[in-house]
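**Q** After the structure tokens below, expect a handful of questions from me.
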Amino acid sequence: MRCRGSRSLALGWIFLLTAMAALAAEKTPPTFGIPNATFPRPGVMVAGQPTGEQLQLLAEEGGYHAVIDLRSPEEPHGFDEPAAARDNGLAYTNIPVSPAALDQATIDRFLAAMRTVRPPVLIHCGTGSRSGALLYAWLVLEKKESPARALAEAKAAGLRSPELIEKVQKLVGERQGR
């Protein structure tokens, strides 16, 4: 009897160590220090404002190909982001988003950008909330996720503003005929 118990214990340890090794192998992609960075889908980072150095790291070490900036050009970026993206070989798209100005045309521009960019792509605003709002629209309209699941993913990616949540849900609902 004792032999069987030792064998079961040894097999248990082997299983546990194998599971721990598998978990350790599943690393989260690097954020390069970009604030509020999340990875809602493979090849998609949603985050706050990066620096020029972080864009360089994204391109050189992260293999990123594109940046979608949801901040207005008037918002302080701290550097010339379009030039930094271009200098690092990153495709750069600016789609200014604000709760008041978020409309169907903005969603159209974002969806078109997501269709044409080569992943991996960084989608950013100042903190990640606007990025999360447009992520919600993309998940529901392009990836055919349920609104509830898409909202959970968007919130996990940084969507915090009740005003943005209400507005993007309304706009997406209108498209779906609800």
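Read-outs: derived from the displayed coordinates by stated rules, not from any lab. Since the model is a prediction, treat every value here as computed from it, not as a measurement. Glycine gets a Cβ as well: all are built from the backbone with ideal geometry, and neighbour counts include every protein chain shown.
**Q** Could I have the simple spin-label model distance between E174 and Q104, label points 7 Å from Cα toward Cβ, reported in nm to one decimal?
**A** 0.6
**Q** Identify, among G48, P73, P99, the residue whose Cα sits farthest towards the positive end of the charge dipole of the range 30-175, taking +1 on the Cβ of Lys and Arg and -1 on the Cβ of Asp and Glu, with the dipole about the Cα centre.
**A** P99
**Q** Hey, another quick one. Just subtract the alpha-carbon distance of E53 and Y92 from 0.36 nm times their residue separation and send over the number in nm, one decimal.
**A** Working it through step by step, the gained length comes to 12.5 nm.
**Q** Could you calculate, for the range 30-175, the ratio of the Cα radius of gyration to the Kirkwood radius, expressed as Rg to Rh?
**A** 0.94
**Q** Determine the gain in length on full extension of the stretch E60-E163; use 0.36 nm per residue of separation and subtract their C-alpha separation, reporting nm with one decimal.
**A** Result: 33.4 nm gained on full extension.
**Q** Additional query: In whole Hz, what ³J(HN,Hα) sequence does the range 76-92 give by Karplus (6.51, -1.76, 1.60; θ = phi - 60°), x for Gly and Pro?
**A** Residue by residue, the range 76-92 yields x, 9, x, 5, 7, 5, x, 5, 5, 4, 4, 4, 9, x, 9, 5, 10 Hz.
**Q** Out of the range 100-178, which GluC sites (Glu not before Pro) are coil in DSSP terms and have no more than 12 other C-beta atoms within 10 Å?
**A** Within the range 100-178, the qualifying GluC sites (Glu not before Pro) (loop, at most 12 other Cβ atoms within 10 Å) are E142.
**Q** Continuing with this model, one more query. When the Karplus curve 6.51 cos²θ - 1.76 cosθ + 1.60 is applied with θ = phi - 60°, which whole-Hz ³J(HN,Hα) does each residue of the range 120-128 get, with x for Gly and Pro?
**A** x, 10, 9, 10, 9, 9, x, 10, x
**Q** At 4 °C and 1.567 mPa s, what whole-number value in µm²/s does Stokes-Einstein give for the translational diffusion of the range 94-178, with Rh from the Kirkwood sum over Cα pairs?
**A** It comes out at roughly 103 µm²/s.
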